[in-house]
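Structure record follows, encoded as structure tokens.
What follows is calculated from the coordinates using simple rules that are stated; it is not laboratory data. All of these numbers come straight from a predicted model, not from anything done at the bench. Ideal geometry is used to build each Cβ from the backbone, glycine not excepted, and the neighbour counts take in all protein chains shown.
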Amino acid sequence: MTTTSQRESSNRQQRAQKADPHIPGLATVLSMICFTVGVVGTIIFAENGMLNDTWLIIWNIAWALLAFFFLLSLRVASQWEKAVILRLGRFIKLVGPGPFWLVPIIDTIANWIDHRVMVTPFSAEKTLTKDTVPVDVDAVLFWVVWDAEKAALEVADYKTAIAWAAQTALREIIGQSMLADILVGRARMDADLQKIIDERTTPWGVTVQSVEIRDVIIPPDLEDAMSRQAQAERERQARVILGESEKQIADSFAEASQAYIHNPTALHLRAMNMLFEGLKEKGALVIVPSSAIDTMNLGGMSGIVSLAEQNLKKEKQE
């Protein structure tokens, strides 16, 4: 599909060049003036009998030739163009931008070379990677003609040749790369493509400025599998991070416990603080293991707490 669109674009450009032969309006005006002078002069001379028939014919031929000379010889190249001139089939010079003259019949314009940066889209469809995965890759090529003479004389159609060279280079790069490298290493692929294409187009007077990969399309089944794999990898990483966090918390508790081994008073105060913090919330219920009551000496503390709760209930009832 892309190749067909490239051919249609090339055909449109060729038709546009044929429809616009770069004949300036000045050449048309001068030709019309010459025809007018010839016709008016013929009428005046014929009515006054100033010239005989032979001289009238010469007069008409001279002005007609002058009109055709302006129409066939004067051309104008745009600021970004250069014209390749052949004289009797041999290259003689490059002209432009601006107006220039041709020798009628002898000189011909072989090609109009555009020196602006050109953009060529290209693609590789159903191309197998190194790990035998079919992919569709779309890319864009930015290039410019630096030698108009080579572009006109060394290759028949340099625009089409550049498009094909880019497409074959893209297929070569895909065939030498793994799918993972294509998906994550686009910058490297861009650089490799630019180098390969530039080596092929330099003899044609064309240099590649940059290559950009627009999109990489993989089969839907493989895309789903890669999505599930990525999700599983994220879950694995989350579990690893959670395990590392638990390990750090356990290490912190182990380090803190060392401060209470030989200081039972500090442990008792910490236990009292924990109960106090738990009972601050309204309607809070604190569950303490029976083993912790003996270890932290919470028996007395729990009795005081219970007594305080009973007194508080009696006050509310009264």
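Quick notes on this one:
- Estimated at 0.36 nm per residue, the fully extended path between Phe68 and Ala256 surpasses their Cα-Cα distance by 57.1 nm.
- Glu125/Lys93 FRET efficiency (R0 45 Å; Cβ-Cβ; nearest 0.05): 0.55
- Rg/Rh ratio calculated on Cα atoms of the stretch 89-225 (Kirkwood radius): 1.14
- Å³ per residue enclosed by the Cα convex hull of the stretch 109-172: 85 Å³
- Residues Arg87, Arg234, sorted so that the one with the fewest Cβ neighbours within 10 Å comes first: Arg234, Arg87
- Loop GluC sites (Glu not before Pro), the stretch 104-205, which have at most 16 other Cβ atoms in a 10 Å radius of their Cβ (DSSP): Glu154
- Checking the cross-link pairs Lys130/Lys150; Lys93/Lys159; Lys159/Lys195; Lys126/Lys195 against a 25 Å limit on the alpha carbon distance flags Lys130/Lys150 as lying beyond it.
- Volume in Å³ per residue [convex hull over Cα atoms, computed for the stretch 23-77]: 46 Å³
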